[in-house]
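Asker: Here you go, one structure.
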Amino acid sequence: MRVFVTGATGFIGAFVVQELLGAGHQVVGLARSEAGAEALVAAGAEAHRGDLEDLDSLRQGASDADGVIHLGFVHDFSRFVEVCEIDRRAIEALGAELSGSNRPLIVTSGTGMGTAIPGRPATEDHFDPSHPHPRAMTEITGNRMLELGVNVMAMRLPQVHNTLKQGLVSYAIRVARQTGSVAYVGEGLNRWPAVHVQDCALLYRLALENGSAGERYHAVGEEGITVKAIAESLSRGLGLPLRSVSAEEAAAQFGPLGGFIATDMPASSAWTQDRMEWHPTGTDLISDLDQAQY
């Protein structure tokens, strides 16, 4: 297949590109800069210049593709509602080119969208279109594209990690360095799901090749690691003191992501593993954090 990938030069995208190329697919990656374009060509892919707000470039990339993996996202949490709107427009542009063709479009969401009952693992069969989180816009738009005849699927991600990057944990590392301590909220027993980046990349390929319209997949290798266990590993690696803070203190310390630090968001991938015959084997999150080069 000829696959158009947005976010192709990002952390997860680079692994997805390699996974697709290794399976014999032709990859065209969206590149915002000349350096990004050169990196894609060096990896064995084609480069397509543009960005997520250049809707014409997105339409052109999708029009020439047999399938699209939409991984790109503007990671600016200080204007989160705005960047979720950028994502909506990008999905609409991509979907308009694929409508009625049966060519797959995989959009990227978060496992939190599958939480039906607080404290229980999120599941693939649940989605609440009235979910208050702005990122719900991704799946709302995907559902709208499905109604318009687009073969759209949603890939829900937890904390995607290796020894270099770890999702929201990487942000927590930056905050710890700035503040001189590693914080968690209360007893720190709230849980975050995780997956190794190579397992995640494999699941994107399997969904592209074998997925069905309207399905949602959870790229989850570990259902839930306590935030305290994560903080303890960071404390060891950074050589910084560990401390418990209140929810109010967390909001001040972590800024726009303060609410996430205390959120309990375990997630299951049992259905995904069975449906895709996908069995994650990558290193667990704490092991990667313990081996990280701080």
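Asker: Give just the number: which of (1) in contact with a Ser or Thr (Cβ under 9 Å, 6 or more places away or on another chain); (2) closer than 27 Å to Gly100 by Cα; (3) of a type in the set (Val, Ile, Thr) does Ile86 not satisfy?
Answerer: (1)
Asker: Tell me the strands (runs of 3 or more DSSP E) entirely within segment 159-230 that contain at least 1 residues that are over 30 Å from Leu21 (Cβ atoms), open to solvent by 40 Å² or more (accessible area, probe 1.4 Å) and touching a helix residue (DSSP H, G or I) at 6+ places or on another chain (Cβ under 8 Å).
Answerer: Working: elements: 159-161, 182-185, 191-196, 216-218, 222-226.
Where strands (runs of 3 or more DSSP E) fall fully within segment 159-230 and carry at least 1 residues being over 30 Å from Leu21 (Cβ atoms), open to solvent by 40 Å² or more (accessible area, probe 1.4 Å) and touching a helix residue (DSSP H, G or I) at 6+ places or on another chain (Cβ under 8 Å), they are 191-196.
Asker: Another question, if that's okay. Filter segment 59-70 down to the residues that are open to solvent by less than 60 Å² (accessible area, probe 1.4 Å) and assigned to a loop (DSSP other than H, G, I, E, B) and list them by number. Break it down into steps so the answer makes sense when it comes.
Answerer: First, pick out the residues of segment 59-70 that are open to solvent by less than 60 Å² (accessible area, probe 1.4 Å): 61-63, 65, 67-70.
Ala65, the sole residue that qualifies.
Asker: Additional query: Out of Leu257, Leu234, which single residue is of a type outside the set (Gly, Ala, Ser), out of contact with any Cys (no Cβ under 7 Å at 6 or more places or on another chain) and at pLDDT below 95? So that I can check it myself, show each step before the final result.
Answerer: Working: Leu234 fails: at pLDDT below 95.
Of the residues listed, the single one that is of a type outside the set (Gly, Ala, Ser), out of contact with any Cys (no Cβ under 7 Å at 6 or more places or on another chain) and at pLDDT below 95 is Leu257.
Asker: Say we look at segment 31-55 and pick out the residues that are open to solvent by less than 20 Å² (accessible area, probe 1.4 Å) and in contact with a helix residue (DSSP H, G or I) (Cβ under 6 Å, 6 or more places away or on another chain); which of these is nearest to Glu82 (Cα to Cα)? Steps first, answer last, please.
Answerer: Quick first cut of segment 31-55, residues open to solvent by less than 20 Å² (accessible area, probe 1.4 Å) only: 31, 36-37, 40, 45, 50.
With in contact with a helix residue (DSSP H, G or I) (Cβ under 6 Å, 6 or more places away or on another chain) added as a condition, the list becomes 31, 45, 50.
Values: Ala31: 21, Ala45: 31, Gly50: 19 Å.
Within segment 31-55, the match that is nearest to Glu82 (Cα to Cα) is Gly50.
Asker: Being under 22 Å from Asn190 (Cα atoms), touching a residue at least 24 places away in the same chain (Cβ under 8 Å) and touching a Pro at 6+ places or on another chain (Cβ under 6 Å) is true for just one of Thr111, Thr123, Thr115. Which residue is that?
Answerer: Values: Thr123 fails: touching a Pro at 6+ places or on another chain (Cβ under 6 Å); Thr115 fails: touching a Pro at 6+ places or on another chain (Cβ under 6 Å).
None of the others qualify; the one that does is Thr111.
Asker: Does Ala23 satisfy the condition of being buried (at least 20 other Cβ atoms within 10 Å of the Cβ) and either in contact with a strand residue (DSSP E or B) (Cβ under 7 Å, 6 or more places away or on another chain) or within 13 Å of Ala201 (Cβ to Cβ) (or both)?
Answerer: No: the conditions fail for Ala23.
Asker: Right, something else. Filter segment 114-158 down to the residues that are of a type in the set (Asp, Glu) and crowded, with 20+ Cβ neighbours inside 10 Å, then identify the one that is nearest to Pro266 (Cα to Cα). Steps first, answer last, please.
Answerer: Kept after step one, since they are of a type in the set (Asp, Glu), are these residues of segment 114-158: 124-125, 128, 139, 147.
Adding the requirement that they be crowded, with 20+ Cβ neighbours inside 10 Å leaves 124, 139.
On the way: Glu124: 12, Glu139: 19 Å.
The residue in question is Glu124.
Asker: Right, next: Restricting to segment 71-113, name every residue that is assigned to a loop (DSSP other than H, G, I, E, B), out of contact with any strand residue (DSSP E or B) (no Cβ under 8 Å at 6 or more places or on another chain) and open to solvent by 50 Å² or more (accessible area, probe 1.4 Å).
Answerer: Of all residues in segment 71-113, those assigned to a loop (DSSP other than H, G, I, E, B) come to 71-76, 99-103.
Then drop every residue that is not out of contact with any strand residue (DSSP E or B) (no Cβ under 8 Å at 6 or more places or on another chain), which leaves 74-76, 99-100.
Hits for segment 71-113 are His75, Ser99, Gly100.
Asker: What number of residues within segment 248-261 satisfy the criterion of being open to solvent by 50 Å² or more (accessible area, probe 1.4 Å) and either free of Cβ contacts under 8 Å to residues at least 12 places away in the same chain or touching a helix residue (DSSP H, G or I) at 6+ places or on another chain (Cβ under 8 Å) (or both)? Talk me through it step by step, then tell me what you get.
Answerer: Step one: filter segment 248-261 for residues open to solvent by 50 Å² or more (accessible area, probe 1.4 Å), giving 248-249, 251-252, 256, 259-260.
Then keep just the ones that are either free of Cβ contacts under 8 Å to residues at least 12 places away in the same chain or touching a helix residue (DSSP H, G or I) at 6+ places or on another chain (Cβ under 8 Å) (or both); that gives 248, 251-252, 256, 259-260.
Of the residues in that region, 6 qualify.
Asker: Also, I was wondering about something else. Any chance you could count how many residues in segment 30-58 are assigned to a helix (DSSP H, G or I), under 22 Å from Leu208 (Cβ atoms) and not aliphatic (A, V, I, L, M)? Explain how you work it out, then say what you get.
Answerer: Step one: filter segment 30-58 for residues assigned to a helix (DSSP H, G or I), giving 34-43, 55-58.
Adding the requirement that they be under 22 Å from Leu208 (Cβ atoms) leaves 36, 39-41, 43, 57-58.
From what's left, not aliphatic (A, V, I, L, M): 36, 57.
The number of residues fulfilling the criteria is 2.
The values are calculated or read from the model by the stated rules, or taken from the named source; none is laboratory data. Quick caveat, the model's predicted, so the values are computed rather than measured. Heads up, the Cβs are rebuilt from the backbone with ideal geometry, glycines too, and the neighbour counts pull from every protein chain shown. Surface accessibility is based on the protein's heavy atoms, side chains included, excluding ligands, DNA and RNA. Shrake-Rupley method; radii C 1.70, N 1.55, O 1.52, S 1.80 Å.
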